[in-house]
1. Of Lys59/Lys95; Lys8/Lys95; Lys8/Lys59; Lys8/Lys56; Lys62/Lys95, which sit over 21 Å apart, Cα to Cα?
2. Per the 1.4 Å probe, what fraction of the accessible area of segment 60-101, in percent, lies on carbon and sulfur atoms?
3. Shape verdict for segment 34-108, please, from the Cα gyration tensor: rounded (a/c under 1.5), prolate (a/b greater than b/c) or oblate.
4. Note the full-extension length gain between Ala28 and Asn66 as 0.36 nm times their separation in residues minus their Cα-Cα distance, in nm to one decimal.
5. Rounded to the nearest whole Å², what accessible area per residue is found for segment 1-67 with the 1.4 Å probe?
6. For segment 68-101 and segment 36-60, what is the separation of their C-alpha centers, rounded to whole Å?
7. How big is the dipole moment of segment 1-80 about its Cα centre under a simple scheme where the beta carbon of each Lys and Arg is +1, that of each Asp and Glu is -1, and everything else is neutral? Debye, nearest 20, please.
Amino acid sequence: AGLILLAKDVVDGEIALGLLDCVVERNAYGRQNESFEGLVNFLDNSQMYCFIRAPKILKTGKKVKNIAFIDEEVVGVQQNNIAAFTFHPEFTNDKNYFSLLKYFIEEGKNVRLFYMINNQKKKRSKWC
């Protein structure tokens with residue numbers, strides 16, 4: 001629901017907040033009984049994530065960064081301090097997602113800074 005609420009355009013749906021420059025399609029992978037787990041590349045780490053009545057990201061604007069993928073398909077995006085996903089990262093124990101969330105919420109920092117800091121750490125050590 002978060003991605004749908006944030007999107008600037010929703011196919012066959014209503015625009016709510018319109019803060020994230022992307023076009024999404026509601027329930028694009030099917031209904032509840034067609035939910036699935038998929039191998040997602042997120043923050044340079046591959047992890048299985050749950051897709052439950054997931055929307056699909058059809059198009060993104062120039063200022064939107066694609067941050068999560070299944071194969072070549074975009075399933076996570078970031079624009080400034082907004083990050084949104086078509087999957088449910090909270091249903092896993094992926095430390096990359098929880099580190100992102102902790103840094104964003106507890107530290108009150110911008111998500112972009114999190115990526116910059118962690119990319120520097122990865123170059124110096126085995127962070128992930």
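1. Distance filter (> 21 Å) returns Lys59/Lys95; Lys8/Lys95; Lys62/Lys95.
2. Details: 1070 of 2210 Å².
Taking all protein chains in place, segment 60-101 shows 49 percent carbon and sulfur surface.
3. Values: a/c = 1.72, a/b = 1.11, b/c = 1.55.
Oblate.
4. 11.8 nm
5. 61 Å²
6. Their Cα centres are 7 Å away from one another.
7. In total the dipole reaches around 260 debye.
The values are calculated or read from the model by the stated rules, or taken from the named source; none is laboratory data. Treat the numbers as computed from the prediction; the structure is a model and nothing was measured. Cβ: placed from backbone, ideal geometry, glycine included. Neighbour counts: every protein chain shown. Note: areas computed on protein heavy atoms with side chains; ligands, DNA, RNA excluded. Shrake-Rupley method; radii C 1.70, N 1.55, O 1.52, S 1.80 Å.
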